[in-house]
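Notes to accompany the following structure.
The values are calculated or read from the model by the stated rules, or taken from the named source; none is laboratory data. The shown structure was predicted, so the numbers you read here are calculated from the model rather than taken from an experiment. Cβ placement follows ideal geometry from the backbone for every residue including glycine, while neighbour counts extend to all protein chains displayed. Areas reflect the complete protein model, heavy atoms only, side chains present, ligands, DNA and RNA absent. Shrake-Rupley method; radii C 1.70, N 1.55, O 1.52, S 1.80 Å.
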Amino acid sequence: MSDTALRPARFRYGAVLPGWIGLAVVVFWLAVALLAPIIAPHPAGAILRVGTLAPASAAAPFGTDFLGRDMLSRVIYGARYTVGLSLLAAICASAIGSVLGILAAVRGGWTDGVLSRTSDALISLPHLMFALVIVAALGSSLPVLVGLVAFSYIPGAFRIARSLAANVNAMDFIQVARARGEGTPYIVLHEILPNILLPVLTDFGLRFVFSVLLLSGLSFLGLGVQPPNADLGALVRENIEGIYDAAPAVIVPAIAIATLTIAVNLAIDGLLGRSRLTD
Amino acid sequence: MLQLIARRLGHTALTLLAMSLAVFIGTNLLPGDVADALLGQAATPEATAALRTALHLNESAPLRYLHWLAGLMTGDFGQSLASHISVAQLIGSRLGNSLLLAGLTAALSIPVSLALGITAAVWRGTLFDRITAIGTIAAVSVPDFLVATVAVILFAVELQWFPALSTPRIASIPELFSSFTLPVLTLSLAVVAQMSRMTRAALVGILDSSYVEMARLKGLRPGRIVLRHALPNAAGPIANAAALSLSSLLGGVIIVEVVFNYPGLAKLMVDAVSTRDMPLIQACAMLFCLGYMVLVLLADICSIATNPRLRPA
């Protein structure tokens with residue numbers, strides 16, 4: 001990661017098309033989350049007269065859930081929770097992690113020592129298990145969920161930002177800026193940040209994917225978003241009895257999550273120049 | 001070399017200590033009273049007071065932490081709040097099941113991912129490499145419970161090849177297959193995806209180095225170059241990759257045990273979280289941390305042992 005950081009993004013034409021498709025799907029989900037009340041055909045709690053766990057029909061294109069609610073509307077509102085909460089958590093994790101990482105790289109000394117050792121210790125905590133402990137202690141409200149997901153991914157974001165900033169910090173133009181008499185805030189904002197923005201954005205995309213997976217995993221266990229609200233993971237859980245009839249209510253929300261996470265990965269690969277497919 | 005390993009052991013012990021502190025603080029964030037919770041309806045003031053003394057609840061938090069830690073060391077994990085059985089007993093009945101599941105998964109996924117990773121690195125840039133790359137990215141970004149539910153719908157409901165629920169029956173080979181195939185395959189998918197990618201990345205760097213090119217120019221057979229010249233140098237990074245991916249198994253195990261209703265440790269912990277059974281949660285969390293640290297330690301020792309520069313002369 002660190003040695004590719006200083007190179008500008010290369011647009012490899014063969015790899016760009018999947019990237020654009022990924023980006024389109026990501027934008028689609030963002031739009032769904034934003035416009036949920038407008039595009040959902042029914043209110044999230046409305047019960048249709050098609051029966052429970054019904055297969056797809058004209059009235060309910062994705063079937064109905066275990067209470068007979070329209071699955072399409074449930075998924076649209078669920079996307080709101082999944083995208084919204086994960087985005088918030090990923091933004092917090094990336095912002096806090098990057099600020100601390102740049103600080104550690106620029107200040108060095110004991111600031112770096114304390115921050116790096118702490119992140120080393122925290123990074124080895126298994127996330128889902130840590131989340132279980134916190135949910136057991138604090139219950140699962142939306143602020144707790146966002147906080148614990150963000151906290152889980154701060155050490156990772158910190159580590160990336162620190163190594164990127166440390167690389168840039170050793171460059172000649174930083175020496176020149178210092179010799180010119182520029183202060184630390186100027187150096188951070190005008191010299192370091194523009195040079196590490198792209199890889200930090202790439203990392204942010206990955207944090208978002210991790211957040212989606214952790215959050216929906218928790219909800220799937222019944223410990224995330226609580227009823228009557230439901231994110232996509234909770235939708236899979238509450239309709240899990242439909243698994244024996246292969247009802248769309250179980251499969252659709254799970255596939256919705258998969259399209260979102262795969263799309264983010266494709267967009268990062270194709271557009272932000274992370275060379276994963278080719279070396 | 002022994003000195004290095006000893007230092008790693010010390011490091012592991014320190015990290016475990018830090019983790020125990022984190023788990024203790026995490027489970028004591030809310031000032032709930034364990035004595036009240038334990039006694040439930042029978043909580044008279046006298047009984048609560050007596051139990052509080054017996055459980056050291058009147059002591060300060062640091063002292064309670066030390067008591068708890070001392071208990072962990074001696075195998076005394078306290079008593080479950082929900083079932084009033086000792087935590088050690090509850091865990092003892094589940095630990096073997098989880099280890100069996102993890103062991104079977106490791107036995108399947110390590111060889112498969114090594115083979116995939118090595119072949120993808122050797123045939124870099126070919127169609128095979130691209131397909132594995134896309135496949136593994138997809139497998140890594142899909143939630144575990146999607147794989148598990150799709151597997152149940154396909155193989156248990158539609159095709160009816162395997163039961164949808166898994167019980168740890170190992171009396172005969174057919175029984176073993178019928179109860180473990182679905183959970184083990186589900187778990188392996190994520191592990192294989194991650195491990196093969198890391199294996200490939202570790203090996204690609206070495207295949208690019210000049211000494212491998214030298215071996216190629218000398219006219220050695222490709223098989224010999226990979227197995228005798230490149231692989232020994234990649235062993236350390238690959239062991240690390242294996243440990244990291246197996247520890248991601250942890251998240252997967254929690255989901256898979258719940259979906260297949262498998263009586264393992266992770267299911268026990270999830271149930272404990274819904275009943276807020278703190279002593280049980282603490283013990284399970286520490287066991288998971290221990291498992292994780294042991295894996296990382298094994299990988300470290302493996303990379304130290306395979307590094308020729310550290311071998312005694």
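Summary table
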{"item": "Sites B:ASP208 and A:LEU30, calculated FRET efficiency, Cβ-Cβ separation with R0 41 Å, nearest 0.05", "result": "0.55"}
{"item": "Extension gain from A:ALA179 to A:SER141, taking 0.36 nm per residue of separation minus the Cα-Cα distance", "result": "8.6 nm"}
{"item": "Cα-based shape type of chain B, given that a ≥ b ≥ c are square roots of the gyration tensor eigenvalues and the cut on a/c is 1.5", "result": "oblate"}
{"item": "Per-residue mean of C-beta atoms belonging to partner chains within 10 Å, peptide A:214-222", "result": "4"}
{"item": "By accessible area with a 1.4 Å probe, ligands and nucleic acids excluded, highest first: order of A:ARG178, B:ARG200", "result": "A:ARG178, B:ARG200"}
{"item": "10 Å Cβ neighbours from other chains, averaged over peptide A:131-142", "result": "6"}
{"item": "Cleavage-rule hits (trypsin sites (Lys or Arg not before Pro)) in the range A:23-75: DSSP loop, at most 12 neighbouring Cβ within 10 angstrom", "result": "A:ARG49"}
{"item": "Nearest-ten-degree value, helix A:127-138 long axis tilted from longest Cα axis of chain A", "result": "70"}
{"item": "Assigned charges on the beta-carbon of Lys, Arg, Asp, Glu; chain A dipole about Cα centre (debye)", "result": "340"}
{"item": "The protein assembly as shown: C-alpha gyration tensor shape, a/c 1.5 cut-off, then a/b vs b/c", "result": "rounded"}
{"item": "Separation of the A:ASN229 and B:ALA6 label points, Cα + 7 Å toward Cβ, nm", "result": "5.5"}
{"item": "Pairwise centroid distance, computed over Cα atoms, of the range A:155-172 with the range B:232-294, Å", "result": "31"}
{"item": "Between 0 and 90°, nearest 10: helix B:45-54 axis offset from chain B longest Cα axis", "result": "40"}
{"item": "Label-point separation in nm, A:ASP172 to B:SER172, each point 7 Å along Cα→Cβ", "result": "7.8"}
{"item": "Net charge of Cβ neighbours under 13 Å - reference B:VAL270; Lys, Arg +1; Asp, Glu -1", "result": "+1"}
{"item": "Where A:ILE187, A:ILE47 fall by accessible area, highest first, once all protein chains stay in place (1.4 Å)", "result": "A:ILE47, A:ILE187"}
{"item": "Value of [θ]222 nm, deg cm²/dmol, for the protein assembly as shown, DSSP H segments ≥ 4, -39500 (n - 2.57) each, nearest 500", "result": "-23500 deg cm²/dmol"}
{"item": "Whole-Å distance, taken between Cα centres, linking the range A:28-52 and the range B:127-181", "result": "32"}
{"item": "Shielding score for A:81-88, defined as the mean number of other chain Cβ atoms within 10 Å", "result": "0"}
{"item": "Whole-number D in µm²/s for the range B:99-249 (Stokes-Einstein; Kirkwood sum over Cα pairs; 4 °C, 1.567 mPa s)", "result": "77"}
{"item": "Rounded, prolate or oblate (a/c below 1.5 giving rounded, otherwise prolate when a/b exceeds b/c) for chain A by Cα gyration tensor", "result": "prolate"}
